[in-house]
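Some notes on the structure that comes next.
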Amino acid sequence: TCHNFRFFCANGLFMRNGRVCEDCIGRLPLGGVAHGCYRDSRIYTLPLAAAEGFHRIRGTWSKKIDTYIALTTFGKRKVVECGLPSGKVFIKPNFLFRPPEPSSLFGDSIVFIGRLSREKGIETLLDAFAMVQRAAHKNITLRLVGDGPLRQEIERKIANERIRNVELTGRKGFSESMAILREARFMVMPTLCYEMFPLTTIEAFACGKAVIGSRRGAMEEIIEEGKTGLLFSPSDPRDLASKIGVMLEDEAFATEMGGNARAEFEAKYTAERNFEILMDIYRNVLNGRNMGK
């Protein structure tokens with residue numbers, strides 16, 4: 001299962017210096033070494049790039065593996081661009097085994113759940129939230145659930161720019177995270193990188209919450225504009241602020257999208273539905289092997 005692009009990119013994200021980078025698609029990953037794409041270190045990147053190059057030359061990915069699972073159509077398209085045979089790549093999304101119950105609460109918070117790192121677009125979210133506060137919505141709280149290398153920088157930004165009502169909760173367990181999400185108005189996913197399938201998106205759907213996401217990676221595929229959430233241009237705080245404003249000002253619209261999100265979860269992302277898809281993939285693999293005998 002392709003949870004990221006580790007077969008083809010040293011950092012697994014196709015991202016460098018805060019921007020999407022596809023320099024190593026279709027070629028040996030020498031650029032990754034030159035730029036130190038893994039942990040900002042050429043030394044750490046070198047063995048990863050060597051392994052990637054070895055397996056590309058040897059044809060491991062195209063010849064030695066029966067089937068790959070991509071989490072979205074976007075994910076399949078990208079790994080095929082990277083050289084995997086299209087006929088070997090099947091699509092099976094993420095799912096929740098024990099989903100939270102939907103909530104009809106429409107509280108005074110906006111929630112982000114995830115790693116506090118550059119590729120997640122936290123700075124864009126903070127800039128947008130400051131704009132929303134200045135516009136009118138002074139009683140709304142932004143809750144950042146998670147931890148990561150950007151935490152201290154985020155704290156400095158909040159203090160230096162005097163952004164009010166931002167709560168850094170730190171890392172929370174599943175139950176606590178879902179309790180925070182169930183009390184929120186909606187969730188925001190401001191990612192800058194190619195997301196394969198962020199699990200938090202369907203956690204929000206399961207809670208009956210709409211999601212505002214960036215037009216990047218699989219987000220455009222998972223979120224249906226105007227039905228289960230809204231989309232904005234990546235790295236554009238003004239566009240994100242305008243979408244947040246729409247959701248805050250029209251409670252009926254946001255609530256309706258939350259209901260649609262729960263229906264989408266039940267139709268596509270339950271364990272039962274996922275099991276059916278997985279069994280179909282296994283049968284396809286076994287039938288292919290039997291035909292080859």
Set 163, 158: member being in a loop (DSSP other than H, G, I, E, B), within 16 Å of residue 124 (Cβ to Cβ) and over 21 Å from the mean Cα position of the chain (by Cα)
163
Looking only at helices (runs of 4 or more DSSP H) that lie completely in segment 205-293, which have at least 2 residues being crowded, with 20+ Cβ neighbours inside 10 Å?
219-222, 237-249, 251-268
Flagged pairs (Cβ under 7 angstrom, 6 or more apart or on separate chains; first in segment 24-50, at negative phi; second at pLDDT below 85 and not in a helix (DSSP H, G or I)) are 49/29
Could we say that residue 57 is over 30 Å from residue 247 (Cα atoms), among the aliphatic types (A, V, I, L, M) and either modelled with pLDDT of 90 or more or within 22 Å of the chain's Cα centre (by Cα) (or both) here?
no
Restricting to segment 66-86, and then to whatever is under 13 Å from residue 281 (Cβ atoms) and over 20 Å from the mean Cα position of the chain (by Cα), can you tell me which residue is least open to solvent (accessible area, probe 1.4 Å)?
67
Just to verify a result, which residue in segment 137-152, among those that are farther than 14 Å from residue 163 by Cα and not in a helix (DSSP H, G or I), is most open to solvent (accessible area, probe 1.4 Å)?
149
Unique match (being surrounded by fewer than 19 Cβ atoms within 10 Å (Cβ to Cβ) and part of a loop (DSSP other than H, G, I, E, B)) among 115, 134
115
When residues of segment 147-172 are filtered for being among the β-branched types (Val, Ile, Thr) and more than 16 Å from residue 118 (Cα to Cα), how many remain?
3
Note down all Cβ pairs under 6 Å where the first residue falls in segment 1-22 and is assigned to a loop (DSSP other than H, G, I, E, B), the second is of a type in the set (Gly, Ala, Ser), and they're at least six residues apart or on different chains.
4/12; 5/12; 6/12; 10/32; 10/49
Applying the selection to segment 17-64, what residues are within 30 Å of residue 289 (Cβ to Cβ) and open to solvent by 50 Å² or more (accessible area, probe 1.4 Å)?
26, 54, 55, 56, 57, 58, 63, 64
With (1) within 21 Å of residue 4 (Cβ to Cβ); (2) in contact (Cβ under 8 Å) with a residue 40 or more places away in the chain; (3) not in a loop (DSSP other than H, G, I, E, B) as the list, and residue 94 as the residue in question, which single condition is left unmet?
(3)
Considering only residues that are under 19 Å from the mean Cα position of the chain (by Cα) and among the hydrophobic types (A, V, I, L, M, F, W, C), which ones fall in segment 217-252?
218, 219, 222, 223, 230, 231, 232, 240, 244
Based on this model, can you work out whether residue 159 counts as farther than 27 Å from residue 256 by Cβ and free of Cβ contacts under 8 Å to residues at least 40 places away in the same chain?
yes
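The values are calculated or read from the model by the stated rules, or taken from the named source; none is laboratory data. Note that the structure is predicted; figures quoted are calculated from it, not measured. Cβ coordinates were reconstructed from backbone atoms using ideal geometry, including for glycine residues, and neighbour counts include every protein chain displayed. The area values use the complete protein model at the heavy-atom level, side chains included, leaving out ligands, DNA and RNA. Shrake-Rupley method; radii C 1.70, N 1.55, O 1.52, S 1.80 Å.
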